[in-house]
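Written below as C-alpha cells is the structure these notes are about.
The values are calculated or read from the model by the stated rules, or taken from the named source; none is laboratory data. Note that this is a predicted model, so its numbers are computed, not measured. Positions of Cβ are generated from backbone atoms using ideal geometry, with glycine treated the same way; all protein chains shown enter the neighbour counts. Accessible surface is based on the protein model in full, side chains and every heavy atom, while ligands, DNA and RNA are left aside. Shrake-Rupley method; radii C 1.70, N 1.55, O 1.52, S 1.80 Å.
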Amino acid sequence: MATEQVEKVFLQMDDRVAYLTLNRPEALNSMDVEMLNQILHSLKEVAANDAVDILVLAGTGRGFSAGGDIKTMLSSANEHAFEPVMELISDIMKTLYLLPKLVISAIHGPAAGLGLSFALGADYIIADRQSRLAMNFIGIGLIPDGGAHFFLEKRLGEAKAKHLIWEGKQLSPGEALHIGLIDEVAEEELQTAVIHKLKKWKKKPILAMIQSKSIYNQMHLPELEKILELEKQGQHLMRDTKDHREGIQAFLEKRKPIFTGE
C-alpha cells in the first residue's frame, strides 16, 4: 500500500480505493484554511489517479467533522480574508461533485455544519449508530455553505431542506436515514459496513456507474455553481447581522444565544 501523509489530511491508496481522512482530532476535525487547502489538493490527486475507482471520506478521532473552524471564521471577519475562504470551499465542493470516482462518506460521531456539507457531496453516506448529524449554521446566525442548499434539496426536496436548515437540530442516524439524508446506518462496525459496500461495488461494472454519475453531475453543475455563489453572497450579508455576532459570542461563552431578528 502506498501512503501519503499530510499534516491535517491523510490520503491512502489501496486496491482501487482512495481513503481521504480528515486529521485534526484535537479540534474534532474542524476545518481551518490549511486543512481546506489540503483537502482540495488531495481531491485533485484522487481525480487524476486512473488506478482509483472509489473514494472514501472519513475522519480520525471522535468524529467526522464539527464543521468550519470557529477561529477561521473570526480571523476572516474582514472582506479580504472572507472571499478567498469561500472560493476555496466552492472549489472543494465542485471538485468533489465532479470527481470521476464513486464516493462514500463514512460518518462516525459528529458531522456538523461544513463537515456535513462535505459529507453530503458523496454518492453514498454510511453513518454508525453513535453518529450525530446537524446542519447547525442557524445557531450562529448564518446560512449553510459548502453547497449544502444544493445537496439537501437533492436528497430531501425543498420544503424538508428548508425545515432542516431552519431548525438546525441534531439528528440521530436513524432519523437521518428515515428522512433520506443518509443511505445506511452501519449495523455493526462502521469499517465493516464500508468494506461490505466496497466489495459490492468492485464486483459491478464501475465505469458504467461512474458514467451515469457524470451525466447527472454535468446536468446539475450550473445549479451547484449558482448555489455556491448565492451562499457566498448570503453568508456575506449574514455576517453583518447582530444575530450572527450574538451567535458567535454565545458560542465562545458557551451559553444559549438570544436572537432578535436583526
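All but one of (1) charged (D, E, K, R); (2) open to solvent by 70 Å² or more (accessible area, probe 1.4 Å); (3) within 27 Å of Ile107 (Cβ to Cβ) hold for Glu184; state the number of the condition that does not hold.
Looking at each condition in turn, Glu184 falls short on (2).
Please give the helices (runs of 4 or more DSSP H) falling wholly within segment 172-262 in which 2 or more residues are more than 26 Å from Ile143 (Cα to Cα).
Values: elements: 173-179, 190-202, 206-238, 242-253.
Here the list reads 190-202, 206-238.
For residues in segment 49-69 being touching a helix residue (DSSP H, G or I) at 6+ places or on another chain (Cβ under 9 Å) and hydrophobic (A, V, I, L, M, F, W, C), which is most open to solvent (accessible area, probe 1.4 Å)?
Looking at residues that are touching a helix residue (DSSP H, G or I) at 6+ places or on another chain (Cβ under 9 Å) and hydrophobic (A, V, I, L, M, F, W, C), I get Ala66.
What are the pairs, 6+ residues apart or on separate chains, where a residue within segment 36-51 that is under 12 Å from Arg16 (Cα atoms) has its Cβ under 9 Å from a residue that is open to solvent by 40 Å² or more (accessible area, probe 1.4 Å) and not small (Gly, Ala, Ser)?
Ala51/Arg16
Select from segment 71-94 the residues that are under 20 Å from Val46 (Cβ atoms) and either buried (at least 18 other Cβ atoms within 10 Å of the Cβ) or modelled with pLDDT under 95 (or both) and list them in ascending order.
Across segment 71-94, the qualifying residues are Ile89, Ser90, Ile92, Met93, Lys94.
Search segment 1-40 for residues being among the small types (Gly, Ala, Ser) and outside any strand (DSSP E or B), and hand back the single one that is surrounded by the fewest Cβ atoms within 10 Å (Cβ to Cβ).
My answer is Ala27.
Tally the residues that are closer than 30 Å to Leu102 by Cβ and open to solvent by 70 Å² or more (accessible area, probe 1.4 Å), restricting the search to segment 230-262.
Selection size over segment 230-262: 1.
Quick check: anything in segment 190-198 among the basic types (Lys, Arg), open to solvent by 100 Å² or more (accessible area, probe 1.4 Å) and under 22 Å from the mean Cα position of the chain (by Cα)?
no
Residues Ala111, Ala122, Ala106: which one is within 27 Å of Tyr216 (Cα to Cα) and part of a loop (DSSP other than H, G, I, E, B)? Spell out the reasoning first.
On the way: Ala111 fails: part of a loop (DSSP other than H, G, I, E, B); Ala106 fails: part of a loop (DSSP other than H, G, I, E, B).
After ruling out the rest, the residue left standing is Ala122.
Among the residues in segment 133-152, are any modelled with pLDDT of 95 or more and in contact with a strand residue (DSSP E or B) (Cβ under 6 Å, 6 or more places away or on another chain)?
Taking every residue of segment 133-152 in turn, at least one turns out to be modelled with pLDDT of 95 or more and in contact with a strand residue (DSSP E or B) (Cβ under 6 Å, 6 or more places away or on another chain).
Return the pair list, or none, for Cβ contacts closer than 8 Å from residues in segment 185-208 that are at pLDDT 95 or above to residues that are part of a helix (DSSP H, G or I) and of a type in the set (S, T, N, Q), at least 6 apart or on different chains.
Ala186/Thr192
Residue check, Leu43 against (1) among the hydrophobic types (A, V, I, L, M, F, W, C); (2) closer than 14 Å to Lys101 by Cβ; (3) in a strand (DSSP E or B), all met but one. Which one?
So Leu43 meets the others, but not (3).
Given (1) part of a loop (DSSP other than H, G, I, E, B); (2) modelled with pLDDT of 95 or more; (3) within 25 Å of Glu83 (Cα to Cα), where does Ile165 come up short, assuming only one miss?
(1)
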